[in-house]
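Presented below is the structure to which this report refers.
The values are calculated or read from the model by the stated rules, or taken from the named source; none is laboratory data. Being a predicted model, the structure only gives us computed values, none of them experimental. Note that we place each Cβ from the backbone using ideal geometry, even for glycine, and neighbour counts take in every protein chain shown. Each accessible area value is taken on the protein alone, full model and side chains, heavy atoms only, with ligands, DNA and RNA left out. Shrake-Rupley method; radii C 1.70, N 1.55, O 1.52, S 1.80 Å.
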Amino acid sequence: DTAVSQTPKYLVTQMGNDKSIKCEQNLGHDTMYWYKQDSKKFLKIMFSYNNKELIINETVPNRFSPKSPDKAHLNLHINSLELGDSAVYFCASSQGWSGSGRAYEQYFGPGTRLTVT
Amino acid sequence: GIQVEQSPPDLILQEGANSTLRCNFSDSVNNLQWFHQNPWGQLINLFYIPSGTKQNGRLSATTVATERYSLLYISSSQTTDSGVYFCAVVRQTGANNLFFGTGTRLTVIP
């Protein structure tokens, strides 16, 4: 059973299009994240949701809009795609978040490689 | 934010050799994880180790939180160990997101 899954695995699209990436976790976790890995392999947080509420929103263009319909899903919608959006996007989840005074192990999905042409 | 530095940036080993990867961080943390990103791009959890020592087969890790560093040991390396190894931390104060180091790229040659 896949713990954190993402669809699609690969996404090739043209500049200006709108696209979505879906993420689902079956671990019963409360917290989910989106991370971006750039062409130099650097990984950085984009968003975090806890119990469907946004708790982290890093300096990300507002063309990126996360949506959490329930605790098990966190989708990422990107409007007006640009060349610089090409990257690998990873979804992750953890049991909780550090606002409760603990830190929890994070589990990552397989990644979605987005190529904007 | 917190600075996470990994060394060495690149490492080439003969199959069967041992190696030590290091991760230094600039602030107090309450989570530290080691990941292996394989050549297919998957991020595989190796260790969740905010402090202490853990072992899993040929891999082991030690985190000395008071001195702000962690070490990952790979013994009897195999070609399947090739890939990029990332250290990532969660700051003791603040939100729960991981701050990643820049990674160590390991190549194991037969």
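Observations on the structure shown:
- Solvent-accessible area per residue for the protein assembly as shown (1.4 angstrom probe, square angstrom): 48 Å²
- Split the accessible area of region A:2-100 by element, probe 1.4 Å, and carbon with sulfur accounts for 48%.
- Rounded to the nearest 20, the Cβ-based charge dipole of region B:4-109 about its Cα centre (Lys and Arg +1, Asp and Glu -1) stands at 160 debye.
- Restricting the trypsin sites (Lys or Arg not before Pro) of region A:50-113 to loop positions (DSSP other than H, G, I, E, B) with no more than 10 neighbouring Cβ atoms within 10 Å leaves nothing.
- Counting Cβ atoms of other protein chains within 10 Å of each Cβ in B:61-71 and taking the mean gives 0.
- Low-density loop cleavage sites - GluC sites (Glu not before Pro) in region B:1-68, where at most 15 other Cβ are within 10 Å (DSSP): B:Glu15
- Gain in span if fully extended, A:Glu58 to A:Thr13, counting 0.36 nm per residue against the direct Cα distance: 13.7 nm
- Sequence-distant lysines (8 or more away, or on other chains) whose Cα lies within less than 20 Å of A:Lys9: A:Lys19, A:Lys22, A:Lys36, A:Lys40, A:Lys41, A:Lys44, A:Lys67
- Chains A and B, summed buried accessible surface - 1.4 Å probe, Å², nearest 100: 1800 Å²
- For region B:4-109, the Kirkwood estimate of hydrodynamic radius, built from reciprocal distances between every pair of different alpha carbons, is 13.7 Å.
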